[in-house]
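A short write-up of the structure that comes next.
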Amino acid sequence: MRTLDLHRDAGAYALGVLDAADAFRFEDHLMDCPRCSELLAEFGGVKEQLDSYARRTPAGMAPFTAASPELLAGLLGRTAAGRRREFGRRLALVAAAAV
């Protein structure tokens, strides 16, 4: 496994979703990598919040649900519209500066 992949595994390790072999490799990498130690400390707060949310969720309800395709399409559409607006603003500023 490449070092870049190990850096990406910090979040998965913090959430406890790595299999045993990958967790072992990451722990071995963690001993020599201050960057991953910092990332792991940052993800610790996220894990605590997710655990707290899962504990407060009623027993009959799944704490996390999959996003609907409509939600994803809406988010992508709003992001694209925001980028188009920002591009238009920048283009207007460049045109004004050129004049």
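The values are calculated or read from the model by the stated rules, or taken from the named source; none is laboratory data. These numbers were taken from a predicted model, which means no experiment stands behind them. Accessible surface areas use protein heavy atoms only, side chains included; no ligands, DNA or RNA. Shrake-Rupley method; radii C 1.70, N 1.55, O 1.52, S 1.80 Å.
Observations on the structure shown:
- Ranking Leu71, Leu39 from most to least accessible surface, computed with a 1.4 Å probe over the protein chains only, gives Leu71, Leu39.
- Accessible-area order (highest first, 1.4 angstrom probe) of the listed residues Arg25, Arg78: Arg78, Arg25
- Among Gly44, Gly74, Gly11, the largest mean-square fluctuation in a Gaussian network model of the chain (Cα springs under 10 Å) belongs to Gly74.
- Residue of Pro69, Pro58, Pro34 that the Gaussian network model of the chain assigns the largest fluctuation, springs spanning Cα pairs under 10 Å: Pro69
- Entry comment: accessible area of the chain is 79 Å² per residue, from protein heavy atoms only and a probe of 1.4 Å.
- Helical content of the chain, expressed as a calculated mean residue ellipticity at 222 nm, amounts to -26500 deg cm²/dmol (DSSP H runs of 4 or more residues, -39,500 (n - 2.57) each, divided by residue number, nearest 500).
- Accessible area of Glu27 in the full protein assembly, 1.4 Å probe (Å², nearest 10): 80 Å²
- Shape class for the chain, computed from the alpha carbon gyration tensor (a ≥ b ≥ c): oblate, with a/c not under 1.5 and a/b at or below b/c.
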